[in-house]
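A.B. asks: I'd like to ask some things about the structure below.
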Ligand code: EPZ
């Protein structure tokens, strides 16, 4: 298992281009199941989770031609199973459930087990599919879904689940009649999927609101689409620039989708300027502790909580960080404390007391965003930081080491 070795304490300077959004590309790849033919997807990020999804769809008969754009040929559907081996490494594999029942009227998808950050059940996905006429049975750890035909339904989600909203939207686009999803997730990535489905011929109203109205159509067409930029990758580089007190311009950034994040960086004393598609962090701000509370979009994203905590660990004063989305998303705390951070956790609340300087040390990545926070902290820590188990990072960050090295970081990847 590789590790990343960082000599911290150097300010980052220069320009970094943001890649396509992982959490938009994953549902959009699944959505190609809905229409036989050749889809053309541009700006698909070169990530481990994307490769895993292509392998999974390949098992079902889809074919791919790598390049820019990525060509996805979904003409021949020969299978409808997402095996445990795949789902246990990537929960987003459950996103094939909705499109498979819509196209093939059946699916056999492994129930995702728990994961490092929480139980993450899919009860809302299943409740919505049953409302549309899908018969769901659980058999030896698999969700067996069957439907003679899908019909429209009125669905109110208990919680605005992102992939739950996406699964139900993908099932509804080919159902007979109209489906309304209340308390729908409003994340930009959900909007990107909705726009892709619309290009395929779907009839969706309320995109970007918490009520999605989908009028089913008899069939959809393959589409050409460009994946939106990744707001969480952008926020991660913001944190890296701010913690090292550098001057960095982040280009191809989805600035409009980062309001809550930019607001908190500004409150913390980070000097920022932005255009429609780029953000510049200016050197020289004095970091002060600010409180954050994660919340579904447009609130502060849970996927930025760990990275922001790393920044707060060297800010002046205290910061209270409340995680309201996942029940166990503080796995990075004990690792940040190995670097000298002063953090106290009580339930879903972490109190960070800023230190003048962190000290490098070997630390362990536990999940995707926790590992990003350890890299951010290591960039500022004095001495050497080694981040182990970097396969977590490969799932969500394209060319992280290369991009940071190009900004002047003393960072390398070492086969361990
Ligand atoms: C998506 O996960 C993202 N993944 C996550 O990003 C992100 O952290 C999360 O949304 C929240 O924004 C993808 O889009 C592939 P949820 P998802 O369903 O859809 C509970 C990353 O780092 N819930 O919105 O799995 C659940 O337990 C990843 O890129 C139910 O109770 O998240 C959680 O507490 C990590 N029942 C809350 O809702 C359900 O049926 C939010 O989960 C579904 C969810």
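The values are calculated or read from the model by the stated rules, or taken from the named source; none is laboratory data. Quantities reported herein were computed from a predicted structural model and do not represent experimental measurements. Glycine also receives a Cβ, built like all others from the backbone with ideal geometry; neighbour counts cover every protein chain displayed.
A.B. asks: Residues that are more than 7 Å from the ligand (Cβ to nearest atom), farther than 18 Å from residue 214 by Cα and over 21 Å from the mean Cα position of the chain (by Cα): does segment 112-122 have at least one?
C.D. replies: no
A.B. asks: Evaluate segment 315-322: report whether one residue or more is crowded, with 22+ Cβ neighbours inside 10 Å, within 25 Å of the chain's Cα centre (by Cα) and closer than 30 Å to residue 114 by Cβ. Before you say what the answer is, go through the steps one by one.
C.D. replies: Of segment 315-322, the ones crowded, with 22+ Cβ neighbours inside 10 Å are 315, 319, 321.
If we keep only those that are within 25 Å of the chain's Cα centre (by Cα) as well, we get 319, 321.
Next cut, closer than 30 Å to residue 114 by Cβ only: 319, 321.
Yes, segment 315-322 contains at least one residue that is crowded, with 22+ Cβ neighbours inside 10 Å, within 25 Å of the chain's Cα centre (by Cα) and closer than 30 Å to residue 114 by Cβ.
A.B. asks: While we're looking at this one, here's another question. Name the one entry in 239, 253 that is crowded, with 20+ Cβ neighbours inside 10 Å, assigned to a helix (DSSP H, G or I) and touching a helix residue (DSSP H, G or I) at 6+ places or on another chain (Cβ under 6 Å).
C.D. replies: It is 239.
A.B. asks: Just name the residue that is surrounded by the fewest Cβ atoms within 10 Å (Cβ to Cβ) out of those in segment 390-406 that are within 15 Å of the ligand (Cβ to nearest atom) and outside any loop (DSSP other than H, G, I, E, B).
C.D. replies: 391
A.B. asks: Where residues in segment 5-31 are in a strand (DSSP E or B) and surrounded by fewer than 24 Cβ atoms within 10 Å (Cβ to Cβ), which of them is nearest to the chain's Cα centre (by Cα)? First the steps, then the outcome.
C.D. replies: Restricting attention to segment 5-31, the residues satisfying the condition of being in a strand (DSSP E or B) are 5-7, 13-17, 20.
The next check asks that each one be surrounded by fewer than 24 Cβ atoms within 10 Å (Cβ to Cβ); those that pass are 5, 7, 13-17.
On the way: 5: 25, 7: 28, 13: 26, 14: 25, 15: 23, 16: 19, 17: 18 Å.
Among those that are in a strand (DSSP E or B) and surrounded by fewer than 24 Cβ atoms within 10 Å (Cβ to Cβ), it is 17.
A.B. asks: Look through 355, 329, 369 and report the one residue that is in the same structural domain as residue 261 (by TED's automatic domain parsing) and more than 16 Å from the ligand (Cβ to nearest atom).
C.D. replies: Numbers: 329 fails: more than 16 Å from the ligand (Cβ to nearest atom); 369 fails: more than 16 Å from the ligand (Cβ to nearest atom).
Going through 355, 329, 369 in turn, the sole match is 355.
A.B. asks: Is at least one residue of segment 121-128 surrounded by fewer than 15 Cβ atoms within 10 Å (Cβ to Cβ) and over 25 Å from residue 298 (Cα atoms)?
C.D. replies: no
A.B. asks: Tell me, which strands (runs of 3 or more DSSP E) lie completely within segment 152-215 with 3 or more residues that are more than 16 Å from the ligand (Cβ to nearest atom) and not assigned by TED's automatic domain parsing to the domain that holds residue 253?
C.D. replies: 178-182, 203-205, 211-215
A.B. asks: Of all residues being away from the ligand (no atom under 15 Å from the Cβ) and within 28 Å of residue 329 (Cα to Cα) in segment 140-151, which is surrounded by the fewest Cβ atoms within 10 Å (Cβ to Cβ)? Just the residue, please. Spell out the reasoning first.
C.D. replies: Taking segment 140-151 first, the residues away from the ligand (no atom under 15 Å from the Cβ) are 140-142, 144, 146-151.
Going one step further and asking which of them are within 28 Å of residue 329 (Cα to Cα), we end up with 141-142.
Working: 141: 12, 142: 18.
Among them, the one singled out is 141.
A.B. asks: State which residue is surrounded by the most Cβ atoms within 10 Å (Cβ to Cβ) when the search covers only segment 295-314 and only residues that are in a loop (DSSP other than H, G, I, E, B) and within 14 Å of the chain's Cα centre (by Cα).
C.D. replies: 301
A.B. asks: Does residue 277 satisfy the condition of being within 30 Å of residue 183 (Cβ to Cβ) and in the same structural domain as residue 293 (by TED's automatic domain parsing)?
C.D. replies: Values: within 30 Å of residue 183 (Cβ to Cβ): no; in the same structural domain as residue 293 (by TED's automatic domain parsing): yes.
So residue 277 does not fit the description; no.
A.B. asks: On the given criteria, is residue 77 part of a strand (DSSP E or B), closer than 24 Å to residue 44 by Cβ and either more than 8 Å from the ligand (Cβ to nearest atom) or assigned by TED's automatic domain parsing to the domain that holds residue 371 (or both)? Steps first, answer last, please.
C.D. replies: On the way: part of a strand (DSSP E or B): no; closer than 24 Å to residue 44 by Cβ: yes; either more than 8 Å from the ligand (Cβ to nearest atom) or assigned by TED's automatic domain parsing to the domain that holds residue 371 (or both): yes.
Taking the combined requirement at face value, the residue does not satisfy it.
A.B. asks: Give me a count of the residues in segment 51-65 that are buried (at least 21 other Cβ atoms within 10 Å of the Cβ), touching a helix residue (DSSP H, G or I) at 6+ places or on another chain (Cβ under 6 Å) and either free of Cβ contacts under 8 Å to residues at least 40 places away in the same chain or in the same structural domain as residue 396 (by TED's automatic domain parsing) (or both).
C.D. replies: 0
A.B. asks: Would it be correct to say that residue 34 is touching a strand residue (DSSP E or B) at 6+ places or on another chain (Cβ under 9 Å), over 15 Å from residue 395 (Cβ atoms) and surrounded by 17 or more Cβ atoms within 10 Å (Cβ to Cβ)?
C.D. replies: Against the criterion (touching a strand residue (DSSP E or B) at 6+ places or on another chain (Cβ under 9 Å), over 15 Å from residue 395 (Cβ atoms) and surrounded by 17 or more Cβ atoms within 10 Å (Cβ to Cβ)), residue 34 does not qualify.
A.B. asks: Related question: Mind checking which residues of segment 354-388 are closer than 13 Å to residue 314 by Cβ and crowded, with 24+ Cβ neighbours inside 10 Å?
C.D. replies: 358, 373, 376, 377, 378, 379, 380, 381
A.B. asks: Can you report the number of residues in segment 92-111 which are near the ligand (Cβ under 8 Å from one of its atoms) and either surrounded by fewer than 16 Cβ atoms within 10 Å (Cβ to Cβ) or within 19 Å of residue 176 (Cβ to Cβ) (or both)?
C.D. replies: Selection size over segment 92-111: 0.
A.B. asks: Say whether the condition of being in the same structural domain as residue 247 (by TED's automatic domain parsing) and within 22 Å of residue 17 (Cα to Cα) is met by at least one residue in segment 284-300.
C.D. replies: no
A.B. asks: Now for a different question. Could we say that residue 137 is more than 10 Å from the ligand (Cβ to nearest atom) and under 24 Å from the mean Cα position of the chain (by Cα) here?
C.D. replies: For residue 137, the condition - more than 10 Å from the ligand (Cβ to nearest atom) and under 24 Å from the mean Cα position of the chain (by Cα) - is not met.
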